[in-house]
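The structure under discussion appears below in the form of structure tokens.
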2 protein chains.
Amino acid sequence: MATDNQVPGSVGTSASLSLRLGQTIFSSASLLFMSLGVEFYSYTSFCYLVTIMGLVIPWSFTMAIVDGYSVLVKCPIRQPGVLLIIVVGDWVLSILTLAAACSTASVVDLLLRAENPYCPPKFCSRYQISAAMAFLTWFLSMASSLFNLWLLPSL
Amino acid sequence: MATDNQVPGSVGTSASLSLRLGQTIFSSASLLFMSLGVEFYSYTSFCYLVTIMGLVIPWSFTMAIVDGYSVLVKCPIRQPGVLLIIVVGDWVLSILTLAAACSTASVVDLLLRAENPYCPPKFCSRYQISAAMAFLTWFLSMASSLFNLWLLPSL
């Protein structure tokens, strides 16, 4: 059991805490950059991104608090049931985040290529940054899910 | 080992063979519906979908042949190394397929909502069917990956 605790990135380690903090920061940045442009209601993909980020932010924040508490009291969560919920939650959210990021990126690409000036340059760069932040969120969320999945069979 | 062989959907079972055949059929249909419309070169997302489907079709077809052979000779693959390659390959391809499907779906949605008639109705419905087929391919590919991943720790 002592070696299991050393899996870096699994729940209750400081690596996991930094992954969760990264997810929270990137998803909040993605939401902010998208919401600062007022025109996002016009596009389905942008509304979808905002919705998903509204799910990811509380999840990542809660997990960051759990990790921080586990690091402080040095008592990581090792119940298979709880770990399974965390793995499945991370996995579903990372798939949804990937879908939102791809949709946003492809719509921004289309808007930039259109002949008519569909989006002012100021808004378009914001949308691009938002999509990039969503991709980073997906990457960190997938990493969290994989690290915890790696731990699961050993319990 | 006899019970491991009973995991439905893992490599070398008839369930896996039907999953692979489904992937081949749906990805080919997605490619055909997209390629029949001649205008797909104009959009990055559509070119990306065609590229990814060009990767998924040979992979699924090869795996279908491997499964068919395993079912016939009743000797499924159980080397952990080979199984790991199959799981990782399925996983990467399913992520790429999901990204392509989301991009295509969001671009089609945007084209349909544009004021200018960007795409004739005939082409747009083809693009929609292509995106739906790509989503089905993603679902089956993810199922294959999960079934094989389930088998992996028991080897």
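Projected onto its three principal axes, the C-alpha set of the range B:71-155 covers 57, 25, 14 Å, listed from the longest axis down. Counting only other chain Cβ atoms within 10 Å of each residue's Cβ, the peptide B:92-105 averages 4. For chain B, set up a GNM with springs between Cα atoms under 10 Å and report which of B:VAL108, B:VAL50, B:VAL88 has the largest fluctuation. With Cα springs under 10 Å in chain B, the top fluctuation among B:VAL108, B:VAL50, B:VAL88 is at B:VAL88. The other copies place their A:ILE65 label points at 5.6 nm from this one, listed shortest first, where each point is 7 Å from Cα along Cα→Cβ. For the range B:1-113, the Cα-based Rg and Dmax, in that order, read 16.7, 55 Å.
Mind checking the alpha-carbon convex hull of the protein assembly as shown and giving the volume per residue in Å³?
Normalising the Cα hull of the protein assembly as shown by residue number yields 123 Å³.
Computed on protein heavy atoms with a 1.4 Å probe, the accessible areas place B:MET53, B:MET63 in the order B:MET63, B:MET53, largest first.
If R0 equals 51 Å, the separation of the Cβ atoms of B:LEU72 and A:TYR41 corresponds to a calculated FRET efficiency of about 0.35.
Only protein heavy atoms count here; on that basis, with a 1.4 Å probe, B:SER130 has an accessible area of about 0 Å².
Each copy carries a label point for A:PRO121 at 7 Å from Cα toward Cβ; from one copy, the others' points are 4.0 nm away, ordered from shortest. Share of carbon and sulfur in the accessible area of chain A stands at 76%, probe radius 1.4 Å.
The B and A chains share an interface that buries close to 1800 Å² of accessible area, total over both sides, probe 1.4 Å.
Select from A:VAL87, A:VAL56, A:VAL107 the residue whose mean-square fluctuation is largest in a Gaussian network model of chain A (Cα-Cα springs shorter than 10 Å). Maximum fluctuation in the GNM of chain A, among the listed residues, is at A:VAL107. Taking all protein chains together and rolling a 1.4 Å probe, B:ILE57 ends up with roughly 40 Å² accessible. Note: relative contact order over chain B, using C-alpha pairs below 8 Å and six or more positions apart, is 38 percent. For A:GLY81, the label point sits 7 Å beyond Cα toward Cβ; its separations from the matching points on the remaining copies run 4.2 nm, from shortest to longest.
The values are calculated or read from the model by the stated rules, or taken from the named source; none is laboratory data. Fair warning: this is a prediction, and the values are worked out from it, not measured in the lab. Cβ sites come from the backbone with ideal geometry, for glycine too, and all protein chains shown count toward neighbours. Accessible surface is based on the protein model in full, side chains and every heavy atom, while ligands, DNA and RNA are left aside. Shrake-Rupley method; radii C 1.70, N 1.55, O 1.52, S 1.80 Å.
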